[in-house]
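A short write-up of the structure that comes next.
The values are calculated or read from the model by the stated rules, or taken from the named source; none is laboratory data. Because the structure is a prediction, the values reported are computed rather than measured. Cβ sites come from the backbone with ideal geometry, for glycine too, and all protein chains shown count toward neighbours.
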Amino acid sequence: MRTLTTMALALWNTLVGMGITIKNMLFRPRITLQYPDERPSLPIGSRGIPVLLSDEQGELKCVVCELCEKICPVHIIEIKWHRDDETRKKVLDEFNLDASRCMLCGLCAEVCPAEAIAMSDHYELASFDLPSLVYDKEKLQELGRPQKTPIVNFAIKTEG
Amino acid sequence: MVPGVIAPPSQWYDLTAQYFERNGWPLGLLAVLTALLKAAVILAFIALNVLFLIWLERKVSAWIQNRLGPMRTGPWGLLQTLADALKLLLKEDVVPSAADRWVFAIAPIVTFTPAVLIFVVLPFSDRWIVQDLNIGILFVAAMTSMVVPSFLMAGWGSNNKWSVFGALRSAAQLVSYEVPLVLAAVAVVLLAGSLSLNDIVEAQRRSGWFILVQPLGFLVYYIAALAEANRAPFDLIEAESELVAGFNTEYSGIRWAIFFLAEYANLLSGSAIAATLFLGGWSGPWLPPVVWFLLKTYFLIFVAMWIRWTVPRIRVDQLMNLGWKVLLPLALVNLGITGIYVLVR
Amino acid sequence: MASTATVTVGTPEAVVERLGSAFPGVEAEVLPSGWIRVRIDRERLADFARFVRDELGFDYLSNLSAVDRQAEGFEVVLHLVSIGAGHQMAVYTRCPRDDARVPSVTPIWPTANWHEREAWDLMGVRFEGHPDLRRILLKENWVGHPLRKDYIDRRLPRQRQTRESYRPDRVNTTTFDVGDAPAGADGQASGPVRRVLEVPDAYTPRSGVVVNMGPQHPSTHGVLRVLAEIDGERILKCEADIGFLHRCFEKIAEGLPFPSVIPYTDRTDYLAGMTNELAYCLAVEQLFGIEVPERASAIRVLMAELQRIASHLLWFGTFSLDLGAVTPFLYAWREREKLLDIFETISGARMMYHYVRIGGVRNDLPAGVDRQIRAFLDSFDANLDEFHALLTGNPIFQARTRNVAILSKEDAIAYGASGPTLRGSGVAYDLRKAHPYCGYERYDFAVPVGETGDVLDRYNVRMEEMRQSARIARQALEGLPEGDFMGKVPRRWKAPAADAYSRVEGPRGEVGVYVVGDGQNERPWRVHWRAPSFVHLQLLPVLGTGLLVADVVAVIGSIDIVLGEVDR
């Protein structure tokens, strides 16, 4: 008798499980996002690759303090500068950021005193050509140009 | 069936035979050609169905899991299976260097052939049956057992410890679940009074679907058929999470595709036989018989998919337990009750 | 290795007194935090260990670290806990650099086995009396001990592997016999190399076939290699081989300023970033004496509990996937996606949050996220019930998990199990209740405890923990105090010459972080990560022997390991 009740219970529990799956199949909506046609809307503050921000005149805001280079835990930022003879100010020659190794931690954006570097929402970084993933100053400026929001939590949005 | 110009299909064979006689060709040639035509139709039927079934499996599993499934290849992803088959055809043929070449190569074919042969005795409608053997059920049981050596060949031929494991497990599973399967079918044979599948359908047309008088038999048969088809929860042979892929670990490309096709062909034939034995096959009002046959078969296939995506996998010792200590006694009890009933009737 | 767990000694001061009388000359004191600090010479370490376990009830070894003290030699630090009484003791012993030997405590606390192997592997301290001292994270033929301060990597450029190394007779060997490793340029021999698994040469009825699961395997939760000697379907012996994901976290941490280590802590147990960051930040805050404001603590609790739910959901999904049920995996992911969206709104990332900082958190909760969190918590209980109905009640699931791989109470404590693995065996020890941090004593929640210690019990403990975590999260969210999200932190991170050990209840168990400052630099002198998965993987031979092959996967799933924190 006990085996029969065990078998009956087993059958009943299986049917309950099947009820849940059929309920999900018929009544719950499908939650798949058909990327790349349907894209997720990322929240503000979402950290993508760092970009260099420019002011209203289109010049980079970077004051070449090199704090971002020093704090980067994976040492992917390389800055080269020279001092201008007349104004005695530092001039940024090169700002290279190895996007293939960036761990998107945001420390560079946090430490910048001039709000010159911020995390963008650009996350589609894949490339067939590994050297092209070392972004230079021009590329970083170009990525940061379509800035749509002010810096919130050290990040900006460039799309949507 | 344009009257006066084209004769109705029931007369085509006789007309062709007369044409043959007029031209002096042997009638044996006509028989061979007819057989080849039937084989081609069956293979086409299986191929189209398997193509559709794989798509259906992916869609059903996706909807159960709140997903969409294939959507991009063709409308609603209908061409996905075709794309996959094409990809597999183009893959490199990898044979392990230490494998037994001939055994390795023949195993997929030996798996696929019995699965196809079962369709020979299936009654698709009252007039569409390739060969109405009067030992129908016996033939089906024989074909189901033929799959066992093919899995062993696949596992052994791969020369891989995990494959041998999978093959031995599969042999144990298939052999164990044959017994309740056949016993449940024998109960139906007792009720119908004949081994021929067409006669069984005719018997149900007269006295009602056998599932109503044989609910226990249907349950036993269906569970055993799932085990024979290696469907979850009895898919430990291909349990990815345990033995990588069991006996077909070393198979890739079109060789693997044939195993996959055979699995779905088994599912199709198992459901079709279950529909014939217990749900009345092609019998039913209003709709054409073949539509009833397909509806019933597909309903059982859908239930199989539903079960697959609900329950976890059973362990091998529990599987043997279920087969021998639960299903077999149930099948025997069912057979006993049916026997007494037939005797008394 | 049963310990007399019922022995308890009243207060830490009483413990110190008894130590003083039993071991004259030992330096023992009670620190303001309640920890007992003991300095003992290595000659008496074995007797000391036996004494504190048997007489004072310190039955649980939380952590064993080795620290390079340069000219003063090596220091071995043990962190012991008395589960019954709640005492915590830190034991320090030294050995000279040219004679780096220390008695092993594995005979007393079996959990020390892998800790000591790792200390040998990475620091080069020999533990005498260890049953099987060989390398654990690095390859058998590695030369040198990388965590030493004078280690220089002198490897030759790697030679390409040729077809010769894939000859069939070499592929299927069951032993690794590479002889003695050559002495390195720094004069350090790496020691004798042992066989990995002792398999007799001739086939005898008792011996079986040695098979290899992994390192590439769909169910080993990462790059884990399990060597198993099986006889048919039954496992005679099994052992885990780790180190495939070793990324030198502890060495890297020695080269970074204290705050910059936090992104790396995310990547140890990558499924529980918040609790990892919390563990590290608590240790550094202890070291520097930094106070964390109440609002920041409450936010940390909220994040930790949401993280616990997310991690357990993932565990639930993968566990059911291991057992063959694919659907609960997708359902768990559906719920987890809501949590990841919440995390992204708050911290900016879905997995590598870098949110909990030394002194508080990076930013306050953005406006509107509390609505998201409430929406998730409101629907969560019903979803959990659905999971239970789908999986837990299923007869096949019950058959595969009931009475499988039973872990007894004594074994659990002796082998250093923590978290749901420990509580499944009936030991009601939760760090959030026993040694509360971040204000956990203010929240009202229950700690689920199992009875038999089988796979089903550990499963049920985790499922119930999810419900309780939702309770805590709701309390934290509703009762969020006003205030700052970051306390006062120094501008320059010059570390004091001290050390600190923090213990946090992570989803997988006790996460322990041992941080040592050297008094001069802005970088840690030593960071040791006590990972719960690392300790739990030692249970595999204990649990796995006698199981069927199919159960190994269920057992690894029930222990819930993440290779990121096993290998670091």
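Details
- Taken as a whole, the range C:509-526 holds at least one residue that is under 21 Å from the mean Cα position of the chain (by Cα), under 30 Å from residue C:394 (Cα atoms) and in contact (Cβ under 8 Å) with a residue 40 or more places away in the chain.
One line per residue, one yes/no per condition, for (1) more than 14 Å from the chain's Cα centre (by Cα); (2) closer than 22 Å to residue C:349 by Cα; (3) modelled with pLDDT under 90:
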residue	(1), (2), (3)
A:68	yes, yes, no
A:81	yes, no, no
A:104	no, yes, no
A:109	no, yes, no
A:114	yes, no, no
A:133	yes, yes, yes
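- Residue tally, condition outside any helix (DSSP H, G or I) and either more than 43 Å from the chain's Cα centre (by Cα) or loosely packed, with under 13 Cβ neighbours inside 10 Å (or both), over the range A:1-29: 2
- Verdict on residue C:405 being aliphatic (A, V, I, L, M) and free of Cβ contacts under 8 Å to residues at least 24 places away in the same chain: no
- Count of residues meeting criterion [in contact (Cβ under 8 Å) with a residue 12 or more places away in the chain, outside any loop (DSSP other than H, G, I, E, B) and either within 11 Å of chain C (Cβ to nearest Cβ) or of a type in the set (S, T, N, Q) (or both)] in the range B:61-79: 2
- Residue B:13 vs. criteria in contact with a Phe, Trp or Tyr (Cβ under 9 Å, 6 or more places away or on another chain) and either of a type in the set (S, T, N, Q) or modelled with pLDDT under 90 (or both): no
- Counting only residues that are touching a residue at least 40 places away in the same chain (Cβ under 8 Å) and under 17 Å from residue C:461 (Cβ atoms), the range C:425-441 holds 6 of them.
- Number of positions in the range C:377-430 that are over 23 Å from the mean Cα position of the chain (by Cα) and either assigned to a helix (DSSP H, G or I) or of a type in the set (S, T, N, Q) (or both): 25
- Among the residues of this structure, residue A:60 does not count as one that is surrounded by 11 or more Cβ atoms within 10 Å (Cβ to Cβ) and within 30 Å of residue C:343 (Cβ to Cβ).
- Unmet requirement for residue C:348, which otherwise passes all of (1) touching a residue at least 60 places away in the same chain (Cβ under 8 Å); (2) buried (at least 21 other Cβ atoms within 10 Å of the Cβ); (3) more than 14 Å from chain B (Cβ to nearest Cβ); (4) more than 23 Å from residue B:63 (Cβ to Cβ): (1)
- Per-region count, the range C:482-512, residues more than 13 Å from residue C:530 (Cβ to Cβ), in a loop (DSSP other than H, G, I, E, B) and of a type in the set (D, E, K, R): 6
- Single residue of A:31, A:76 found to be farther than 26 Å from residue C:522 by Cβ, of a type in the set (Val, Ile, Thr) and within 14 Å of chain C (Cβ to nearest Cβ): A:31
- Residue in the range C:468-488 that is basic (Lys, Arg), in the same structural domain as residue C:384 (by TED's automatic domain parsing) and crowded, with 18+ Cβ neighbours inside 10 Å present: yes
- Some residue of the range C:286-306 being touching a residue at least 40 places away in the same chain (Cβ under 8 Å) and under 30 Å from residue C:400 (Cα atoms): yes
- Candidates C:252, C:262, C:230: the one that is buried (at least 19 other Cβ atoms within 10 Å of the Cβ), of a type in the set (A, V, I, L, M) and either assigned to a loop (DSSP other than H, G, I, E, B) or modelled with pLDDT of 85 or more (or both) is C:262.
- Any chance residue C:310 is crowded, with 24+ Cβ neighbours inside 10 Å and either free of Cβ contacts under 8 Å to residues at least 12 places away in the same chain or within 11 Å of another protein chain (Cβ to nearest Cβ) (or both): no
- Only one entry in B:310, B:297 is surrounded by 21 or more Cβ atoms within 10 Å (Cβ to Cβ), polar (S, T, N, Q) and assigned to a helix (DSSP H, G or I), namely B:297.
- Residue that is nearest to the chain's Cα centre (by Cα) [pool: residues in the range B:294-315 that are among the aromatic types (Phe, Trp, Tyr) and within 14 Å of chain C (Cβ to nearest Cβ)]: B:306
- Residues of the range C:269-285 classified as among the polar types (S, T, N, Q) and either in contact with an Asp or Glu (Cβ under 6 Å, 6 or more places away or on another chain) or outside any helix (DSSP H, G or I) (or both), total: 1
- Identity of the residue in the range A:93-149, in a helix (DSSP H, G or I) and within 14 Å of chain C (Cβ to nearest Cβ), that ends up nearest to residue A:68 (Cα to Cα): A:108
- Selection within the range C:359-383 - touching a helix residue (DSSP H, G or I) at 6+ places or on another chain (Cβ under 7 Å), within 13 Å of another protein chain (Cβ to nearest Cβ) and hydrophobic (A, V, I, L, M, F, W, C): C:361, C:365, C:369
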